[in-house]
Every structure is written in C-alpha cells, then in structure tokens.
Amino acid sequence: MSHQFSGTGVAIVTPFHTDGSIDFNSLTNLVDFQVNNGINYLVVMGTTGESATLNKDEKKVVIDHIIKVNNKRVPLVVGIGGNNTNEIVEGIKSFHAYDEIVGVLSVAPYYNKPSQEGLYQHYKMIAEACPTSVILYNVPGRSAVNISAATTLRLANDFENIVAVKEASGDMEQIMDIIKNKPVGFSVISGDDALTFPMICLGADGVISVVANAFPKEFSDMVNYARQYKIDEAKALHYKLFNIIQNLFTEGNPAGIKAILNINNLVENNFRLPMIGVSTNHYSKLENLVNQTK
C-alpha cells in the first residue's frame, strides 16, 4: 500500500471563524482547491490542522466533512497520535471511518522523551491495533525525541502495516540511512517542505506538505518533476517557492500558511489559542513574497 503515499500529500489546515467556530464553507473550498490542483492525498488532523485544539467531537465532524467533500477523489490519511500509548490505541480502535481512509499518521510521543526501545514498543502497540497502514512521524523539533534510523528500520521490517515514515528530523544523513536500508515497499516521506526536492533526488517518495495548502499545483509539479528526474524543471519550482518556505514557519505553524491562505482569499486568518496569527510586519513580508510568485 506504500504507493498511496507517493507524491504530494497536504497537511490541510482547519479554517475558523472569528469566534473560533469551524468554518466549514472555507474547508469545503480548500479541499476542492487541493484536489483540483493535482495533489495526491490529504492528511487530516495533523499539526497544521490544529488538531491539538479540537475536541473529539469536533475532530469527528471535520473528518466526516472532508470525507463527504472529497468524495473519494483522493486518498485520505488521518492523524492519530499523542504521548499516551494506551489512549492512542483506544483512539485507533474506536475510529469510525476506516473504509474511507488509507492510513494513520502517528507522531512520535512528545514531552515524555522515551528511549528508542520505548518508541519501538509504542509503535508496536499501534501497529498491532491498527487495521490499516501506519505512517511513522518523526519530528524532533516538536516531540523532543528523535526516532533513530535504526528504530525506524526495525519497525519497518517487523510490521507489515508500518509502511512509511514522515521524516522531519532535518538530518540528511539519518534520512539517507533509512532510504538506503529500508525494506522494499517502505516509503520515506519528506516532512520538511524546504528539503523535499533534495530528499526526492536521494530516493524519498514524496512529501506531506504545509506550503502546498496555498500552492498545490506548483508544489505537486515540483514533486512530480523530481520523481521523474526532470531536475531542471523541479529545481526551478523549488526555488520559486523557496523564499516563501523559508519564511513560512518563522512565527509558528500554521500561522504562516494561514496568513498566505488569507492573502489568497481562501480562509480567514483565525486561530485557537495558544496559536495566534503572525505579526503585521511578517504578514506584509509574506504578502510581498506571494506577489513575487505571480
């Protein structure tokens, strides 16, 4: 099933109204915008979707809304992760829509800082409980723990339904170690927009992207060119978006991408605390960068 995670996945944002309620009209438009501009799959309830500030009922409603709007046009992946293994397992067992999704993205346990053996046992329980594909998500900048290449490869070899890793460590040696030694059918997915082009050139299968929320066609085209070894074409699109990507996370995620989506009249620039919007100066900087891509 790993082929389903090739190309461009988009970690879709959750739009809010000024009062903090979910803006379903904008969410509908955003899903259509992604699908109509060539992305390969959507990732729902990730960090970029502000899942940490949504309760269980809200998460279910958002997931169901995206399932309805998507109407099976592209595959869907759902984020189910945390730092309480038993709670995640219960969440996986109680998830209601496995017939509508192709995988679960599960972030490394944050704050607890488990050992590598603890990480292995954590994902072992998830894999054994999950009836669909599992994507590991390694993001040490958020979780304060790195899933080592050895642990990723051990999990990839030991569990048939652990089929991919979203790698956002920024450690290219670690990423190359995984790519070189991974079992057949296991996908390495970029979790860093700025590194997606070089990672694909080294053998990664694609990306789960933030910037593609606002630039789905350009970023998907870049990924497709890179995967086809059309290096000059891919490099041109990579550098076209590079300055935007460099400034996208300066004041937090999804603050930067929501600002750009607002500049492009796709969503309101609203958040739930503790997330807030970018500063006025940074909004203006992003606006200038967006205008330069046109």
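Only the coordinates and a few stated rules stand behind these numbers; no lab work does. A quick note: this is a predicted structure, and the numbers were derived from the prediction, not measured. Please note: Cβ atoms are built from the backbone with ideal geometry, for glycine as well, and neighbour counts cover all protein chains shown.
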- Net charge near Gln121: determine it from the other residues with C-beta under 14 Å of the C-beta of Gln121, scoring Lys and Arg +1 and Asp and Glu -1. -1
- Message: If I take every Cα pair under 8 Å that is 6 or more residues apart in the stretch 133-208, average their sequence separation and divide by the length, what percent do I get for the relative contact order?
- Response: 29
- Query: For the chain, what is the mean residue ellipticity at 222 nm derived from helices alone (per DSSP H run of n ≥ 4: -39500 (n - 2.57); sum divided by total residues; nearest 500 deg cm²/dmol)?
  - Reply: -14000 deg cm²/dmol
- Query: So, by mean Cβ neighbours within 10 angstrom, what's the order for 263-270, 198-205 with the highest one leading?
  - Reply: 198-205, 263-270
- Find how many whole Å separate the alpha carbon centroid of the stretch 265-281 from the alpha carbon centroid of the stretch 26-52. 17
- Item | DSSP-defined antiparallel bridges as percent of all bridges, the chain, nearest 5 | 5
- Task: Go through 249-255, 171-177 and give me the packing order, highest mean Cβ count within 10 Å leading.
- Result: 249-255, 171-177
- Message: List the pairs from Lys72/Lys113; Lys59/Lys235; Lys124/Lys217; Lys182/Lys258; Lys182/Lys230; Lys68/Lys258 whose alpha-carbon separation is above 31 Å, in the order I gave them.
- Response: Lys72/Lys113; Lys59/Lys235; Lys124/Lys217; Lys182/Lys258
- Note on the chain: contact order normalised by length, alpha-carbon pairs under 8 Å, 6 or more apart, percent, works out to 20
- Gyration tensor verdict on the stretch 249-288 (Cα atoms; rounded if a/c is under 1.5, prolate if a/b is larger than b/c, oblate otherwise): oblate
- Task: Just check the stretch 2-229 against the gyration tensor rule for me: Cα atoms, a ≥ b ≥ c as the square roots of the eigenvalues, rounded for a/c under 1.5, and otherwise prolate or oblate depending on whether a/b exceeds b/c.
- Result: oblate
- Task: Any aspartates and glutamates with Cα under 17 Å of the Lys294 Cα? List them, leaving off those in the same chain fewer than 8 positions away.
- Result: Glu218, Asp221
- Message: Students often forget the sequence filter, so: which aspartates and glutamates lie under 13 Å Cα-Cα from Lys285 once same-chain residues fewer than 8 apart are removed?
- Response: Glu251
